[in-house]
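Worksheet for the structure shown next.
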Amino acid sequence: MTRKLITAAAQMGPISKSETRADTVSRLLEMMREAKARGLRIGSFY
């Protein structure tokens, strides 16, 4: 049986000392939203 598997990875890159935690988290959330828009699903596949 063939299954389709879509994976995602996020690489934050450097975080400057002037960047706040909120800025960093916002950037990560935006990457997660983009991954979802591309078809990422997290959870059970059965």
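Quick note: the coordinates plus some simple rules give every number you see, no bench work behind them. For clarity, every value in this text was computed on a predicted model and none was experimentally measured. Virtual Cβ from ideal backbone geometry, glycine too; neighbours counted across all protein chains shown.
Express in nm, to one decimal, how much length is gained between SER16 and ARG33 on full extension, taking 0.36 nm for each residue of separation and deducting their alpha carbon distance.
3.9 nm
Can you give the net charge of the other residues whose Cβ lies under 15 Å from the Cβ of GLU34, counting K and R as +1 and D and E as -1? Don't jump to the answer; show the numbers that get you there.
On the way: positive: ARG27, ARG33, LYS36, ARG38, ARG41; negative: GLU30.
So the surrounding residues net to +4.
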